[in-house]
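The values are calculated or read from the model by the stated rules, or taken from the named source; none is laboratory data. In this text the structure is predicted, and so the values were computed from the model without any measurement. No Cβ is skipped: glycine too gets one built from the backbone with ideal geometry, and neighbour counts run over all protein chains shown.
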Amino acid sequence: MNPFSLAWESIVNYSFSDTMSQISEALHHMNFIQWFTLYGMDWSQISKLATDGSSFGATTFGQYCAQYAAVMTNWAYTLAAVFSIILLLCKKNKKWYWYIFFGITAVMSVTSVGMHTADYGEFMPGVITTKLLASFVDMSFTELMAWSGVVCFTFEFYRDDIKKRNRIATAVTIFAAFVLLMLAFEVFIQKNRPLWIGGRDEFGMPYDMGGDHGGLSFAEFGCFITCLPLLFILITRIRTLPKNEIGPVVLLLSTFLVAFIITSIWGDNEINSIAQGNFQGHSLWHLLTAIGTFVACFWVDTRTTNQNREKEIEEAVQAALEAKEKELAAAAAK
């Protein structure tokens, strides 16, 4: 079945009252992984629970460990975002749009914790569960983060070309709204988030979001598409950057590219094969993109310092010219 047939089937069978009932049921029976139940246990006790399997319900021990790793690494986002806001405030940076970006990133780090804490044993395709609702909130803020990042770079590179700046920002905003609508369709109409991009089985059918395979849903893929204008902006404008800004920009692009490859190939719901299982793919995505957030902050600070220095030089030159003109005028008057 192709994605359009699957979407049409969901529309035909859609029931508003049933959807509202499922949302109410999911909110009433919020179900999150209780990580603290493993605290204080030694490895032999945990190993016995893992072998028995009864303590994890429908969630495998590998999924349990993967989500724990994803939860812990999410706090790297929080540290990166909070540190960035503090740094910009200490430097008295007046670029308000970057505060919005880092603020959204800080909130997204918390919603992502909720997503990865939602009990993976209670995911059921076709049913709105805690996990599915958590994925909606988390993915919404992830898309907002991507949108705000592109808009911030647009404001940076086209501050003197207001018409072009507004065109790019408007186009990105419209597409971001479309991605959020697509996400709402997946969650509240399909009641599932099939991984159509790179996540199909041998029969061509998509794995659902509860699988342990790499892949992207259309909304997730749309989130990455939202970021593409950023590549265009940086590639076309990188030659205009001072030398001390080029390094951070290249590092920023490289970090997100590596993170994208890792999260696309390796699934996030199971301990996977990367580095013989010693690294969890989606957790590396969290850590690398948190590093990218740090790099963005330092780049903004460096760029603002360069711009302020250029402004000071221009003002000094202008003042010198005005003083010279007054001197010549005074000499001519004599």
message: Name the residue that is farthest from residue 131 (Cα to Cα), counting only residues in the range 10-21 that are in contact with a helix residue (DSSP H, G or I) (Cβ under 9 Å, 6 or more places away or on another chain) and in a helix (DSSP H, G or I).
response: 11
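May I ask you to verify whether residue 140 is modelled with pLDDT of 85 or more, of a type outside the set (D, E, K, R) and farther than 20 Å from residue 294 by Cβ? I'd like the intermediate steps shown before the answer.
Working: modelled with pLDDT of 85 or more: yes; of a type outside the set (D, E, K, R): yes; farther than 20 Å from residue 294 by Cβ: yes.
In short, yes.
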Pairs where the first residue, in the range 217-232, is touching a residue at least 60 places away in the same chain (Cβ under 8 Å) and the second is polar (S, T, N, Q), C-beta under 7 Å, 6+ apart: 223/142
- prompt: Out of all the residues in the range 118-168, which are among the small types (Gly, Ala, Ser) and either surrounded by fewer than 18 Cβ atoms within 10 Å (Cβ to Cβ) or touching a residue at least 24 places away in the same chain (Cβ under 8 Å) (or both)?
  reply: 118, 121, 126, 135, 140, 146, 148, 149
- prompt: Since residue 77 meets every condition but one in (1) modelled with pLDDT of 90 or more; (2) closer than 27 Å to residue 233 by Cβ; (3) assigned to a helix (DSSP H, G or I), which condition does it not meet?
  reply: (1)
message: I'm told residue 278 meets every condition in (1) at pLDDT below 80; (2) surrounded by 12 or more Cβ atoms within 10 Å (Cβ to Cβ) except one. Can you identify the failing condition by its number?
response: (2)
- request: Please work out if residue 297 is of a type outside the set (Phe, Trp, Tyr) and at pLDDT 90 or above.
  value: yes
query: Counting just the residues of the range 219-255 that are small (Gly, Ala, Ser) and under 25 Å from residue 176 (Cα atoms), which one comes out surrounded by the most Cβ atoms within 10 Å (Cβ to Cβ)?
result: 219
statement: Output for Cβ contacts, cut-off 8 Å, separation at least six or different chains, first residue modelled with pLDDT of 85 or more in the range 182-208, second crowded, with 21+ Cβ neighbours inside 10 Å and part of a loop (DSSP other than H, G, I, E, B), reads 186/192; 186/193; 186/194; 186/217; 187/128; 187/193; 188/128; 191/128
Which numbered condition residue 46 misses (of (1) under 28 Å from the mean Cα position of the chain (by Cα); (2) modelled with pLDDT under 75): (1)
- prompt: When residues of the range 112-147 are filtered for being more than 11 Å from the chain's Cα centre (by Cα) and in a helix (DSSP H, G or I), how many remain?
  reply: 16
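Can you name every residue in the range 80-99 that is assigned to a loop (DSSP other than H, G, I, E, B) and either among the aromatic types (Phe, Trp, Tyr) or loosely packed, with under 15 Cβ neighbours inside 10 Å (or both)? Before the answer, list the steps.
Taking the range 80-99 and keeping what is assigned to a loop (DSSP other than H, G, I, E, B), we get 91-95.
Result: 91, 92, 94.
Identify the residue in the range 1-51 that is among the hydroxyl-bearing types (Ser, Thr, Tyr) and in contact (Cβ under 8 Å) with a residue 60 or more places away in the chain and, among all such residues, is surrounded by the most Cβ atoms within 10 Å (Cβ to Cβ). Walk me through how you get there before you give the answer.
From the range 1-51, those among the hydroxyl-bearing types (Ser, Thr, Tyr) are 5, 10, 14-15, 17, 19, 21, 24, 37, 39, 44, 47, 51; that's our starting set.
Filter once more, keeping what is in contact (Cβ under 8 Å) with a residue 60 or more places away in the chain: 10, 14, 19.
Numbers: 10: 17, 14: 13, 19: 15.
The residue in question is 10.
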So residue 111, is it in contact with an Asp or Glu (Cβ under 7 Å, 6 or more places away or on another chain) and either buried (at least 22 other Cβ atoms within 10 Å of the Cβ) or of a type in the set (Ser, Thr, Tyr) (or both): yes
- request: Return yes or no: is residue 263 under 23 Å from residue 145 (Cα atoms), touching a Leu at 6+ places or on another chain (Cβ under 9 Å), surrounded by 11 or more Cβ atoms within 10 Å (Cβ to Cβ) and at pLDDT below 80?
  value: yes
